[in-house]
Amino acid sequence: MPKIHRIRIVGLKYDGMQKQYKDTTFNFHNDETSTNGLIAMMNGGGKGVFLQTIFQILKPGTSWGKQNNRYYQQFFFNNKEQFIPYTFHVLIQWELDGADSRHLVTGGMFSAEQRISMNEEGGHEGKPLEQEAKILPIFTFYTREFERKEEASLEHIPLYENGEVAETESLKDYLKWNGYDVYRDPKKHYRILDTYGINRKDWDIMKDINKDEGGVGKYFEGAEDDHSLFQKRIIPTVSQVLHRTEHQKNDLVEIFKSQASIAKDLPVLLKREQAHKEFLEDIVPFEEHLAKGVEHKEIVHASIQTGRQLLGALEHLKLSEEATLQELEKDLEKLAIRQADLRYQKENLEFAKAHREVMQWDKKLVEEREKHTSLQAIVKEKQERKAQLDFSCY
């Protein structure tokens, strides 16, 4: 059978809603594996309520008491017998059988609602129909198996935040998002428990054993507090054991001698206790300063982390700016060369203009010479023709 690892109860109200489990976790492990555990409560401290509550996961709607007369619905009535619906949560983390260290989380959201129906028997012989109020339980279950490397932490489930108990509908989305199977069918719930070896019949036997305190309740009648328990049960039993054989008679004497020695040293022990209390009072201011020191240390650590992040960002920015600066230097060299070239062109601009004008005048001179030569040829030709005409006239 799987072993109980942890139990968490949130928002449960009992004893006429005058007592409450706000958010309580019971650990039954030694940080490595599930172990045996003991919960000590005074008489009337709520042992039956605690057992009835965890049985809601195993058998929803379980009643309690010798006659099963402490009903599930009583969780929803105040001390004035008024029905006040609310939701409470119960979770059990199981360590499953086997060497692979798997865990199972079974949880439930438990509430109730009031339904009013008409009593048909009141309608006979002309009598008016009577209203009958019934308190019906409302269950919502969820389960999830965790592998060896997964952390099954009940505290991470947001059942109690800012002084408020989580409602069913607001919690369903979170559970589904985190891989839990959420359902309302009790039969499905029983099938899932059976799958993991959590059998209802075994827990029925445990219920029968625990509902009457294992049958030892009558033995402790009249010894319900510490004083009467020692006076009427523990001391007489010890005396009987010590006097059972003859050679053990001196054991009781030795016990009283030891007690007398303790009584003799009691003033010293009381002084030591007083000194211890004074020491604890004296270190209270140091505890406050220590807490402040731890807080400042955390602030310094956070500042160092932030500083390292900023330093890394600045180094990255520095490298980027250096690369940009190198590019700008190269561009500046190119611009300097361009500037020198433009300055040279500017200095030779007048010469270039004059040279261009000379070239133009030389070109015009050549053209004019060609025109002059052409005109001379024409004049010569006309003169020769005139000479011929004059000769022919004679």
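The values are calculated or read from the model by the stated rules, or taken from the named source; none is laboratory data. In this text, all values refer to a predicted model and were calculated from it rather than measured experimentally. Cβ atoms come from the backbone with ideal geometry, glycine included; neighbour counts cover every protein chain shown.
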Options Ile39, Ile57, Ile116: the member that is modelled with pLDDT under 90 and not in a loop (DSSP other than H, G, I, E, B): Ile116
Filter result for the condition that a residue is closer than 29 Å to Thr195 by Cα, in the same structural domain as Lys59 (by TED's automatic domain parsing) and more than 19 Å from the chain's Cα centre (by Cα), over Pro137, Pro158: Pro137
Any chance Lys149 is assigned by TED's automatic domain parsing to the domain that holds Ile116, surrounded by fewer than 12 Cβ atoms within 10 Å (Cβ to Cβ) and in a strand (DSSP E or B): no
Any hit, the stretch 70-78, residues being closer than 30 Å to Ser228 by Cα and either in the same structural domain as Ala166 (by TED's automatic domain parsing) or modelled with pLDDT under 90 (or both): yes
Which listed residue, of Gly46, Gly11, Gly65, is surrounded by 18 or more Cβ atoms within 10 Å (Cβ to Cβ), at positive phi and either of a type outside the set (A, V, I, L, M, F, W, C) or not assigned by TED's automatic domain parsing to the domain that holds Phe88 (or both): Gly11
Hits in the stretch 12-52 - residues which are of a type in the set (Asp, Glu) and within 20 Å of Gly108 (Cβ to Cβ): Asp23
Tabulated pairs, the stretch 16-30, first assigned to a strand (DSSP E or B), second surrounded by fewer than 16 Cβ atoms within 10 Å (Cβ to Cβ), C-beta under 8 angstrom, 6+ apart or interchain: Thr25/Glu155; Phe26/Gly37; Phe26/Ile39; Asn27/Gly37; His29/Thr35
Verdict on Glu121 being surrounded by fewer than 20 Cβ atoms within 10 Å (Cβ to Cβ) and modelled with pLDDT of 90 or more: no
Pick from the stretch 79-113, criterion surrounded by fewer than 17 Cβ atoms within 10 Å (Cβ to Cβ) and either among the hydrophobic types (A, V, I, L, M, F, W, C) or not assigned by TED's automatic domain parsing to the domain that holds Lys188 (or both), ranking: modelled with the lowest pLDDT: Ala99
Scan of the stretch 57-86 for residues that are hydroxyl-bearing (Ser, Thr, Tyr), closer than 28 Å to Lys3 by Cβ and in contact (Cβ under 8 Å) with a residue 12 or more places away in the chain, ordered by number: Thr62, Tyr72
Number of the exception - Pro158 against (1) part of a loop (DSSP other than H, G, I, E, B); (2) modelled with pLDDT under 90; (3) not hydroxyl-bearing (Ser, Thr, Tyr): (2)
Test: Lys134 is modelled with pLDDT under 90 and either surrounded by 10 or more Cβ atoms within 10 Å (Cβ to Cβ) or under 23 Å from Ser34 (Cα atoms) (or both): yes
